[in-house]
Each structure stands twice: as C-alpha cells, then as structure tokens.
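Notes follow once the structure below has been shown.
The values are calculated or read from the model by the stated rules, or taken from the named source; none is laboratory data. All of these numbers come straight from a predicted model, not from anything done at the bench. Note that each Cβ is placed from the backbone with ideal geometry, even for glycine, and that neighbours are counted across all protein chains shown. Accessible surface is based on the protein model in full, side chains and every heavy atom, while ligands, DNA and RNA are left aside. Shrake-Rupley method; radii C 1.70, N 1.55, O 1.52, S 1.80 Å.
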Amino acid sequence: SVLCFAQPFARVDDFQLAVGANLVLASTFLSGIAIKICTDAGGASVASEECAAYFGIGSAEDITTVAIVLGGAMLAVLSLVVTWRIVASARDPTIRLVFSGREPILELPKGCSFHGFLSHVWGTGQDQAHTIVRQLQLLMPGVRIWLDVDNLSNLASLESCVADSAAVLVFLSAGYFKSGNCRRELYAAMEQGKPLVVVREGNEEKGGGSAADFRAECAAYCSDAAAGVAEAVFARELIVWLRAHEFQRESLKQIAHQLLAASPSFARPAGVHQLAPGLFIPGELGCMRFEVPVHLLVCEANAGAPRFATQLQQAVDEDELTAPRSTWEQHTPF
C-alpha cells in the first residue's frame, strides 16, 4: 500500500518488481510468525488447538508446508513475470539509452500532458505525421504525442494545446508555412518558448524538399510573424524523414533524442550526461568494418555511382577503426 501511494520508482517495471518482491517478503514474514506461535504453545495438543483457532491448520508442520508452497509459488510467478518482460523486450525492441542500455524515463514537465505536439499540414504531411506518432509509441512505450485526429476537439484551442506540450514537433512538407493553422501552432510555440524538433519530408515526390526550399517558403508566408521565425525553425540541422525501415528508425531516434532533451529528466546535469552518448534500438545495424581488402566495381552507365564510390572510399580511409583500404574502378557495361 505504501509503495502504491508513494510511487518511489520512475519506471513501471521497477515498481512491479518491487511490489512482487515485497509480497514475497511479507508472506515469508507472516509465515514465520505463524510457525513461531504454533511451536511456542505449551504441549502438542495445546499447539494444535491454537494453530487451528488462529490459522485453521492443525500443526506447525502443516503451516511450514503451506509457507514453503506459498513462497515457492510466489517466487515462481515473480520469475515468470521477469522472464516475460525480458522476452517481450527482445521481441518488441524499444529505444534505449546507450549510457545504460535501458529505456529512457519519460518524465513530463509540470503543467504538461504531452511530451510533444505534432504540427503538420494535412495535404502533404498527414500520412507520415501519423506514421511518426505510431512508430514513436511503439519504440517509446508511454510517450504521449499530441495529434489532431486523436486529441483536437476545438480548433480555437490550438494555442492551449501547444502550451500543454513539452516540445513542438514540426513536420515540414510542401505547403506547411502556407497553412494558417500551422503558422498559428508555430508562432504559439515560439511565444511560449517551446523547444522545436524540426523534421523535413525527404521524398520530393511526396511533398518533400531541401532546407533551402523550406526557407524560401517560410520567407514567403511568414512575413506576418515576429522576427526570428526562420532562425528558430532552421537553428539546427533539420532531421530528414526517410521511409525505408532501417533509415526511418534513424530518423525516429533523432526525433526521440530531441524530445527527451526537453524532458526534466534529461535537463538535469546527470540526465544530460546519460543522453549524450545517444540512443540505440536492440537488433539494429551497427558499425561495420572490412576484414579483408575490398575491390568495388562501378558501372559507368550508372550515373552518380562513381561519385558515391569515391565518397565511400574516403569515408573508409578516414575511419581508423576500419581495416584494410578499399579501392574501386569503373567498368564499361557489356
């Protein structure tokens, strides 16, 4: 009861483990008291009568047997719960801190109900905005992202919804700055001093563009705002949203990193130190190295391939941890 009231653990799994361990300890302690009462009674017949009166069991031996069975059953259940948690983590990988290997604590600032507010334009960004939210919810269990289709009840309350969020996630796609409601959300975030996590659509066929393209759109439609909109939005390198699975997870990790930086847990010096090494997802592709010299053949009919091969070779040569030097040569197709 004290644990449930005080909630001393920031992590739910730690709390559940503590409750289970305390139940085991309490049952062991109470069983010991029962055995003591039964064995201290004067005479076997008196002991049996007292045991039966207090516990409904005729002897200390019977109580000992019950205590052993009950304690063993509780330990077995606790072990199964721990095993299930381990198996579930392996089956459904989540974002972890490189520093500790554990899931980050998702603390909310006082007065906020959401970790992030997702601002996007429906015409070109709705489907991917939803993908970002659903994927973050899978990779960061317990994260709360404000999304219009889930949480908007009144269009007039956009500013108060921004205020109810720890950070504002801006998804840039064609027409974002042209949208009056998107500008309302952006201006409210700036006025309230909310951290901006800015992501741009990377696929030009799906409304994407370069940072320069979005700067130009911002200049064209944000003239009615206070000075500094472009500086706030483009203050740091934009996160590029990519759709291919492994690359998409890299985008999601960058988004998660910036959202966590807005959390009180990671604003403190200890939290900053824990977040600095970055995030990872169990089972993801890691650093790779060549164990033997690599010879890369590049077809001259593939435009851009020679440039990529040169960049790859330079990256390999600059990596001191990567073994033998790679080379490439261009071949004429048959």
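Before moving on, here are some points about what is shown:
- K206 vs. criteria touching a helix residue (DSSP H, G or I) at 6+ places or on another chain (Cβ under 9 Å), open to solvent by 10 Å² or more (accessible area, probe 1.4 Å) and within 22 Å of E250 (Cβ to Cβ): yes
- Flag for H257 being open to solvent by 60 Å² or more (accessible area, probe 1.4 Å) and at pLDDT 95 or above: yes
- Taking the criterion of being closer than 15 Å to F234 by Cα and modelled with pLDDT under 95, the residues of the stretch 196-212 that qualify are G209, S210, A211, A212.
- Flag for R215 being more than 28 Å from the chain's Cα centre (by Cα), at pLDDT below 95 and either closer than 14 Å to T131 by Cα or open to solvent by 50 Å² or more (accessible area, probe 1.4 Å) (or both): yes
- Boolean, H273 is free of Cβ contacts under 8 Å to residues at least 40 places away in the same chain and not in a loop (DSSP other than H, G, I, E, B): no
- Filtered residues of the stretch 85-100 (kept if at pLDDT 90 or above, of a type outside the set (S, T, N, Q) and either out of contact with any helix residue (DSSP H, G or I) (no Cβ under 7 Å at 6 or more places or on another chain) or loosely packed, with under 13 Cβ neighbours inside 10 Å (or both)): R96, V98
- Filter result for the condition that a residue is in contact (Cβ under 8 Å) with a residue 60 or more places away in the chain and farther than 30 Å from A267 by Cβ, over G180, G207, G175: G207
- Count of the stretch 139-154 residues, restricted to those that are open to solvent by less than 60 Å² (accessible area, probe 1.4 Å), of a type outside the set (A, V, I, L, M) and part of a helix (DSSP H, G or I), is 2.
- Residues of the stretch 102-138 that are buried (at least 18 other Cβ atoms within 10 Å of the Cβ), in contact with a helix residue (DSSP H, G or I) (Cβ under 6 Å, 6 or more places away or on another chain) and outside any loop (DSSP other than H, G, I, E, B): G116, F117, L118, S119.
- Consider the stretch 276-307 and keep the residues that are modelled with pLDDT under 90, in a loop (DSSP other than H, G, I, E, B) and of a type in the set (G, A, S). The one that is surrounded by the fewest Cβ atoms within 10 Å (Cβ to Cβ) is G286.
- Considered as a group, the residues in the stretch 52-77 that are modelled with pLDDT under 70 and assigned to a helix (DSSP H, G or I) include one that is surrounded by the most Cβ atoms within 10 Å (Cβ to Cβ), and that residue is A60.
- Counting only residues that are touching a His at 6+ places or on another chain (Cβ under 8 Å) and over 22 Å from R183 (Cβ atoms), the stretch 102-159 holds 4 of them.
- The conditions of being small (G, A, S) and part of a helix (DSSP H, G or I) are not met by A174.
- Test: S223 is hydroxyl-bearing (S, T, Y) and part of a loop (DSSP other than H, G, I, E, B): yes
- Residue count, the stretch 275-313 (criterion: more than 32 Å from the chain's Cα centre (by Cα) and hydrophobic (A, V, I, L, M, F, W, C)): 11
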